1. In this structure, does Glu257 turn out to be out of contact with any Ser or Thr (no Cβ under 7 Å at 6 or more places or on another chain), modelled with pLDDT of 85 or more and farther than 30 Å from Leu111 by Cβ?
2. Please list, ordered by residue number, the strands (runs of 3 or more DSSP E) wholly in region 10-124 having 3 or more residues that are in contact with a helix residue (DSSP H, G or I) (Cβ under 7 Å, 6 or more places away or on another chain).
3. Consider Met280 carefully, then state whether it is farther than 23 Å from Gly80 by Cα, of a type outside the set (S, T, N, Q) and at pLDDT 90 or above.
4. In region 201-222, what residues are touching a Pro at 6+ places or on another chain (Cβ under 8 Å) and in a helix (DSSP H, G or I)?
5. The conditions are (1) crowded, with 16+ Cβ neighbours inside 10 Å; (2) at pLDDT 85 or above; (3) not in a helix (DSSP H, G or I), and Gly146 fails exactly one of them. Which is it?
6. Only one of these is hydrophobic (A, V, I, L, M, F, W, C), within 25 Å of the chain's Cα centre (by Cα) and within 24 Å of Gly12 (Cα to Cα): Leu157, Leu150, Leu173. Name it.
7. For residues in region 94-143 being open to solvent by 50 Å² or more (accessible area, probe 1.4 Å) and acidic (Asp, Glu), which is modelled with the highest pLDDT?
8. Looking at (1) in a loop (DSSP other than H, G, I, E, B); (2) under 17 Å from Gly223 (Cα atoms), can you tell me which one Met186 breaks?
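The values are calculated or read from the model by the stated rules, or taken from the named source; none is laboratory data. The model shown is predicted, which means the values in this text are computed figures rather than measured ones. Ideal geometry is used to build each Cβ from the backbone, glycine not excepted, and the neighbour counts take in all protein chains shown. For accessibility, only protein heavy atoms count, side chains too; no ligands or nucleic acids. Shrake-Rupley method; radii C 1.70, N 1.55, O 1.52, S 1.80 Å.
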Amino acid sequence: MHETILGDEIYGPGTYIDKTFLPVPEDTCRIFKLLASRTPGFTKDTAIWDTVKFQGRPDPMVPGPMKSPAVVAALHAMCGVVGNELLELRDGKPAKEASVTVDTDHAGIWLASTFTVYVNGSDVSTLARAGTLSKIFTRDFDQGFGVGPLSGRATALYPTKDPKVWYQLHGSLDASKTLKSMGIDMDVPLKDFAEGYEYIKGHVQKWSADELEMHNVRNGLCGSICYSPEGWRNTEMGKRLAEHPLINYTHESYAKETPPVPLRQLPDRRPLAGIKVLEMVRIIAGPTVGTTLSSFGADVIRVNCSKLADLNVS
């Protein structure tokens, strides 16, 4: 049994701290089995779970209270298991006779892999520092993921006029619209992100959390009230979600069935070689799925709306 203690006084309400230290590969294996056991549709065959091996240094690649490297590594392992199940359908080799090996250090680095893209021999970070990205990609950063003192802080947590109630502005999709709708002057001279945060904070604190919610509804913007775990569970949405498993999905039967396509034998032995995928999503999770399917051999065609901000780093 994995034991934890409350971390409320250190990391905030609803947090927990491991009672004893677990090396990252060992902790990742625990998380993998936990997610595998609770994910509907994922194999419950423990013989297949046992084909997974985690390796890496004991300390986390990304230090801090959030176990993002371990969770990412566990999710990569789940993808590997699904990949082997697909290969079983294609080639007949039982998934329990295959193997999955995940390097937890590499999985931690993968979280920043969007910054490892190369364009004409130069990585994105080098291009950004040289100020040449704008020559490759035309974009208005005030309309999307901001880099200025104000647009760069249009997505952040802010206190409101309600005591102890904070609100998350989500202006990444259109920083200018978000801030101007609240009466914030986008042309005020500011030196850095810290000044930008304080300037926006002064405006947000004039609003209550409920007023911000209705303001966003009227203006088609995003944002959310920051609840404590207990406070969230007492909301109507929290109560409804508590009736469902942490991870769930349903089969939508109203769509017309497409005829099955036989998996062809191709020189590319990856599990999804020969499969075409149309990707029409753009915010973090969707493109990550597309990247994963592509690594499995699928031809992923990405379509983005010209009227919406594209948040891809590359």
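1. When the stated conditions are applied, Glu257 does not pass them.
2. 52-55
3. no
4. If the condition is that a residue be touching a Pro at 6+ places or on another chain (Cβ under 8 Å) and in a helix (DSSP H, G or I), then Lys201, Val204 are the ones that fit.
5. The one condition Gly146 does not meet is (2).
6. Testing whether each residue is hydrophobic (A, V, I, L, M, F, W, C), within 25 Å of the chain's Cα centre (by Cα) and within 24 Å of Gly12 (Cα to Cα) leaves just Leu157.
7. Here the residue is Glu97.
8. (2)
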